[in-house]
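The values are calculated or read from the model by the stated rules, or taken from the named source; none is laboratory data. Remember, it's a predicted structure, so these values are computed and weren't measured experimentally. Using ideal geometry, Cβ is built from the backbone for each residue, glycine included, and neighbour counts are taken over all protein chains shown.
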């Protein structure tokens with residue numbers, strides 16, 4: 001076993017590929033998340049080389065993200081080259097021909113797994129007549145809260161209806177960043193249910209002001225908020241993602257769905273919520289009890305408040321509970337929130353009526369920060385929920401552990 005610095009791989013590879021593909025998030029690079037994710041994937045493969053089914057979910061998630069970024073087989077060759085150089089640099093004289101050959105073969109097989117799965121995803125894109133990046137025009141820009149704005153995006157080529165997608169999926173959005181001199185892309189959840197004859201996609205973007213200790217502001221989110229208005233163009237890739245719910249799955253009729261989010265994590269779950277209630281624009285869903293559980297710092301930054309309240313009022317199978325850490329004078333109990341001056345605390349909710357922990361068919365969808373999702377999953381498992389029925393959406397590069 002050996003240890004190497006992942007940035008030894010990523011930085012040279014980024015230089016080589018920068019003219020051909022969008023470079024990963026500068027925040028992920030600065031914090032080391034992107035290179036750690038690459039190293040983690042390779043080392044996980046080495047660990048489970050004799051038990052690859054354990055990596056199925058991780059491979060699926062990474063393949064979807066790669067397909068959203070239009071990763072090509074040639075780019076795997078570039079990364080592989082610098083991976084081998086990094087191993088040689090760290091091991092020095094210990095990097096025997098046998099060791100290098102073994103790692104080369106292992107990486108080659110892992111790359112072939114991803115390339116094969118991504119080829120299938122690209123075939124699905126081609127079936128929708130959409131390969132590569134496609135220009136979209138901002139048809140409408142709507143403030144959802146003090147720091148979250150929705151962008152309704154219509155295809156610039158006018159070809160509609162847009163391909164449908166599964167609730168919970170995302171698109172990659174690509175922009176040229178003049179201050180950096182290269183393209184940047186970000187993944188944004190589609191925040192409205194798929195329409196049967198949809199003419200726009202909606203994404204809802206939080207303005208990222210950065211968090212301590214680094215305080216790095218999100219380049220793309222701030223550009224979208226400050227510089228992009230109705231009529232401006234962006235580029236999107238075809239919807240992707242494995243964090244999904246099929247609202248028409250008849251085998252799930254009557255099985256409760258519990259949607260648990262914090263902050264901007266509500267975006268992916270809003271698409272799922274909308275897809276689970278009847279609408280003229282949305283394909284008819286099977287009827288399932290739905291529990292919406294959300295936490296925001298304040299009502300000022302809480303997204304979709306009125307829309308969620310309306311859905312809960314009009315659909316007897318939907319309940320909604322909102323936790324606010326701070327209150328304003330105008331906030332009303334039962335309207336703007338159910339629990340005040342509190343982070344999201346599952347212990348305050350009815351375990352059967354709102355969490356449905358006694359129903360072995362219940363499914364739980366979590367979206368928020370890593371710490372939030374880990375805490376919520378740990379609490380649900382402690383209440384008797386099988387871990388396999390708890391689904392997590394990951395905003396950032398890498399994976400989420402149990403600790």
Residue match in the range 290-304 (condition: within 22 Å of residue 203 (Cβ to Cβ) and loosely packed, with under 15 Cβ neighbours inside 10 Å): yes
Out of 121, 214, 183, sole residue that is modelled with pLDDT under 95, in contact with a strand residue (DSSP E or B) (Cβ under 8 Å, 6 or more places away or on another chain), surrounded by fewer than 21 Cβ atoms within 10 Å (Cβ to Cβ) and closer than 28 Å to residue 369 by Cα: 183
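Does residue 320 satisfy the condition of being within 25 Å of residue 143 (Cβ to Cβ) and touching a strand residue (DSSP E or B) at 6+ places or on another chain (Cβ under 7 Å)? Please lay out each step first, then the result.
Details: within 25 Å of residue 143 (Cβ to Cβ): yes; touching a strand residue (DSSP E or B) at 6+ places or on another chain (Cβ under 7 Å): yes.
So residue 320 fits the description; yes.
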Odd one out for residue 173, checked against (1) in contact with a strand residue (DSSP E or B) (Cβ under 8 Å, 6 or more places away or on another chain); (2) crowded, with 22+ Cβ neighbours inside 10 Å; (3) under 30 Å from residue 360 (Cα atoms): (3)
Pairs where the first residue, in the range 338-356, is at positive phi and the second is surrounded by fewer than 18 Cβ atoms within 10 Å (Cβ to Cβ), C-beta under 8 Å, 6+ apart: 341/325; 341/326; 341/327
Listing of helices (runs of 4 or more DSSP H) fully contained in the range 4-108 that carry 3 or more residues being at pLDDT 90 or above, surrounded by 14 or more Cβ atoms within 10 Å (Cβ to Cβ) and outside the structural domain of residue 185 (by TED's automatic domain parsing): 56-68, 73-91
Cβ-Cβ under 6 Å pairs, at least 6 apart or on other chains, the range 96-125 side touching a residue at least 24 places away in the same chain (Cβ under 8 Å), far side in a loop (DSSP other than H, G, I, E, B): 125/131; 125/238
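Could you check how many residues of the range 350-370 are at pLDDT 95 or above and either over 16 Å from residue 242 (Cα atoms) or surrounded by fewer than 17 Cβ atoms within 10 Å (Cβ to Cβ) (or both)?
Residues in the range 350-370 being at pLDDT 95 or above and either over 16 Å from residue 242 (Cα atoms) or surrounded by fewer than 17 Cβ atoms within 10 Å (Cβ to Cβ) (or both): 14 in total.
Consider residue 134 carefully, then state whether it is touching a strand residue (DSSP E or B) at 6+ places or on another chain (Cβ under 9 Å) and buried (at least 16 other Cβ atoms within 10 Å of the Cβ). Break it down into steps so the answer makes sense when it comes.
On the way: touching a strand residue (DSSP E or B) at 6+ places or on another chain (Cβ under 9 Å): yes; buried (at least 16 other Cβ atoms within 10 Å of the Cβ): yes.
So residue 134 passes the test.
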Residues of the range 173-210 classified as closer than 19 Å to residue 226 by Cβ and not in a strand (DSSP E or B), total: 7
Given (1) free of Cβ contacts under 8 Å to residues at least 40 places away in the same chain; (2) surrounded by fewer than 19 Cβ atoms within 10 Å (Cβ to Cβ), number of the condition residue 221 does not satisfy: (2)
